[in-house]
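The values are calculated or read from the model by the stated rules, or taken from the named source; none is laboratory data. Predicted, not measured: the structure shown is a model, and the values here were computed from it. FYI the Cβ positions are ideal-geometry reconstructions off the backbone, even for glycines, and counts take in every protein chain you see. The accessibility values were calculated without ligands, DNA or RNA, using every heavy atom of the protein model including side chains. Shrake-Rupley method; radii C 1.70, N 1.55, O 1.52, S 1.80 Å.
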Amino acid sequence: MKKINNYINGKFSISSSKRFSPVYDPSTGEVQAEVVLSNKDDFDQMIENSENSFLEWSKVTPLNRSRVLSKYKTLLEDNKEMLAKLVSQEHGKTLEDAKGSVTRGIEVVEYACGIPHLLKGDFSQNVGSNIDSWSIRQPLGVCAGITPFNFPAMVPMWMFPLSIACGNSFVLKPSEKDPSCPLKLAELFTEAGLPPGVFNVINGDKEVVDYILSSKKISSVSFVGSTPVAKYIYEQSAKSGKKVQSLGGAKNHLIVMPDANLNQTVDGIMGAAYGSAGERCMAVSVAVAVGNIADNLVSKINERIQTLKVLPWTNSEAEMGPLISKEHLEKVKNYIESGVNDGASLVADGRNFKIQGYENGFFIGPTLFDNVKEDMKIYKEEIFGPVLSVVRAKSYEEAANLVNNHSFGNGASIYTQDGDVARHFTSNIKIGMVGVNVPIPVPMAFHSFGGWKNSLFGSHAMHGMEGVHFYTKLKTVTSRWPNSIRSGAEFKMPTN
Ligand code: NAD
């Protein structure tokens, strides 16, 4: 059985741990490799290496750091197909979708190439007589990232390129379910000229996460994953005095107004609800049909579901792949069961879906519920599968209240041709990332990604200027020179 190890100090390192976790091929259900679950010795070895690397790397000028990033970007582009294959092999998503996610990650590297500009501070001359003041942003030290299974390339790349560009060293603990792509990302960074140890990858589960959270040698933690774990990471990191940004789960609504262009809306919903088998934190899981559009909307989505191509990623026609694991498949099926028991109308049922030759794969068909109500479990909780709930609302106000009252606040969209309604929505909706006639409003690298409410704990979103600010400490200098110093001590605050 293939063993997947850690990447420390610019090379693969063999762990003394006897614990391993299976890495599946979700299309066949077979175990294709085992990833090491690191122990305390691995962590201690890695953290010492990361600390030493930080001391050297933080002295490299931003311009020279940018040059390494620029070479890295070229290497990533040259290897995009291979990286996407690694994602698809272990995650199961379609190859084109995996390529898109790698592209989104490369865009953060591209943004980070501008680090000399991004780190420029503010300067004020004569804040007092002959006194100048300016701000500097300095690196934190060793930063850590803990990432989920659903975007094994993109989510780590929201974090480490910018952190490293800011002069930090970075420790990544990727998901144990699909660790190969993150390791390849680290190898390519070394090839691009990043000094060994500036980017280390340590594999593992809660045990190694807890070493990260309690270590005094780690300055910051960036987390993306489910809400209960995000809360835990936030609380534990804060307890040990770390900077923390911790992104959790989601339940994204898409409001369909009666004047929406129905075909465009259904196109948007299909990709957003069923793309990547619904395993996206920005997936649309609730469509709120306002007024008389509901019947047509439900029947058109159902029509499209019948022709949606659910296939393994190796088939170029695939539009949707399997779920990540057998346990997750069972969990999603249980949610469908609970929707039925709670009285929602099951329009399309994906539970008995099978593909010949892939009977043991973790496939499920696209599922559609109508008449979902606010108090149902399938409405309140994140399912993270290809299950779309349609809720019927009488008015825009009722629809907007649903979104605002939900505990998650990652993304929400509205489909309408009415500018007034759209403006009210973007101004008043209590959500971090908002779309108008755009189903998945994911911000580009030069903006920042982050939700509200139970979808983000901490003060900073990912990448963009939020990322630069998260991965640096602000220092403000106030200075004057000896010839201009007035004599005599001053015991009062200046009044001019
Ligand atoms: P997860 O929370 O199970 O795991 C995320 C990471 O935390 C993994 O590296 C895992 O090893 C680690 N982990 C798991 N349990 C832990 C525990 N008890 N203590 C410490 N560490 C633990 O999430 P997942 O299943 O890998 O990913 C799916 C979730 O991620 C969904 O809820 C999805 O919405 C969320 N997600 C959110 C965003 C966002 O931007 N808000 C983006 C992608 C995914």
Residue match in region 151-162 (condition: free of Cβ contacts under 8 Å to residues at least 24 places away in the same chain, touching a Phe, Trp or Tyr at 6+ places or on another chain (Cβ under 7 Å) and either in the same structural domain as residue 204 (by TED's automatic domain parsing) or among the acidic types (Asp, Glu) (or both)) | no
Does residue 133 fit the bill of being hydroxyl-bearing (Ser, Thr, Tyr), touching a residue at least 60 places away in the same chain (Cβ under 8 Å), more than 16 Å from the ligand (Cβ to nearest atom) and surrounded by fewer than 20 Cβ atoms within 10 Å (Cβ to Cβ)?
-> yes
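Please go through region 299-315 and give me each residue that is in contact with a helix residue (DSSP H, G or I) (Cβ under 7 Å, 6 or more places away or on another chain) and either under 23 Å from residue 99 (Cβ atoms) or assigned to a loop (DSSP other than H, G, I, E, B) (or both), ordered by number. Can you show your working first?
Filtering region 299-315 down to residues in contact with a helix residue (DSSP H, G or I) (Cβ under 7 Å, 6 or more places away or on another chain) leaves 300-301, 304, 308, 313.
Answer for region 299-315, where residues must be in contact with a helix residue (DSSP H, G or I) (Cβ under 7 Å, 6 or more places away or on another chain) and either under 23 Å from residue 99 (Cβ atoms) or assigned to a loop (DSSP other than H, G, I, E, B) (or both): 308, 313.
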Select from region 408-433 the residues that are without any contact (Cβ under 8 Å) to a residue 60 or more places away in the chain and either more than 16 Å from the ligand (Cβ to nearest atom) or among the polar types (S, T, N, Q) (or both) and list them in ascending order.
-> 419, 420, 422, 423, 424, 426, 427, 428, 429
Give just the number: which of (1) crowded, with 22+ Cβ neighbours inside 10 Å; (2) without any contact (Cβ under 8 Å) to a residue 40 or more places away in the chain does residue 461 not satisfy?
-> (2)
Under the condition of being buried (at least 23 other Cβ atoms within 10 Å of the Cβ) and of a type outside the set (A, V, I, L, M), which residue from region 200-219 is farthest from the ligand (Cβ to nearest atom)?
-> 200
Screening 52, 9, 39 for residues that are assigned by TED's automatic domain parsing to the domain that holds residue 170 and touching a Pro at 6+ places or on another chain (Cβ under 9 Å) leaves only 9
Residue check for residue 194: part of a helix (DSSP H, G or I), in the same structural domain as residue 167 (by TED's automatic domain parsing) and either away from the ligand (no atom under 14 Å from the Cβ) or closer than 27 Å to residue 92 by Cβ (or both) | no
Residue 265 meets each of (1) in contact (Cβ under 8 Å) with a residue 60 or more places away in the chain; (2) under 21 Å from residue 143 (Cα atoms); (3) open to solvent by less than 10 Å² (accessible area, probe 1.4 Å) with one exception, condition (2)
Are there any pairs, at least 6 apart or on different chains, whose C-beta atoms fall under 6 Å, with the first in region 199-218 and on the phi > 0 side of the Ramachandran plot and the second open to solvent by less than 10 Å² (accessible area, probe 1.4 Å) and within 14 Å of the ligand (Cβ to nearest atom), and if so, which?
-> 204/38
So which strands (runs of 3 or more DSSP E) stay within region 198-288 end to end and still have 1 or more residues that are closer than 20 Å to residue 463 by Cα?
-> 199-201, 220-224, 243-247
If you check residue 408 against the conditions, is it in the same structural domain as residue 141 (by TED's automatic domain parsing), buried (at least 22 other Cβ atoms within 10 Å of the Cβ) and among the aromatic types (Phe, Trp, Tyr)?
-> no
Please enumerate the residues belonging to region 74-100 that are buried (at least 24 other Cβ atoms within 10 Å of the Cβ) and within 22 Å of residue 329 (Cβ to Cβ).
-> 87, 88, 90, 91, 92, 93, 94, 98
Does residue 189 satisfy the criteria of being aromatic (Phe, Trp, Tyr) and either near the ligand (Cβ under 10 Å from one of its atoms) or assigned to a strand (DSSP E or B) (or both)?
-> no
Residue set 71, 120, 59; condition open to solvent by 70 Å² or more (accessible area, probe 1.4 Å), free of Cβ contacts under 8 Å to residues at least 40 places away in the same chain and under 24 Å from residue 196 (Cβ atoms); output residue 59
Selected residue (criterion: nearest to the chain's Cα centre (by Cα)) from residues of region 221-256 that are away from the ligand (no atom under 16 Å from the Cβ) and either open to solvent by 20 Å² or more (accessible area, probe 1.4 Å) or among the hydroxyl-bearing types (Ser, Thr, Tyr) (or both) = 243
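Would you be able to tell me the number of residues in region 316-335 that are under 19 Å from residue 149 (Cα atoms) and either within 16 Å of the ligand (Cβ to nearest atom) or part of a loop (DSSP other than H, G, I, E, B) (or both)?
12
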Restricting to region 154-176, what's the tally of residues that are more than 12 Å from the ligand (Cβ to nearest atom) and not in a strand (DSSP E or B)?
-> 10
State yes or no: is residue 303 touching a strand residue (DSSP E or B) at 6+ places or on another chain (Cβ under 8 Å), more than 23 Å from residue 456 (Cα to Cα) and more than 16 Å from the ligand (Cβ to nearest atom)?
-> no
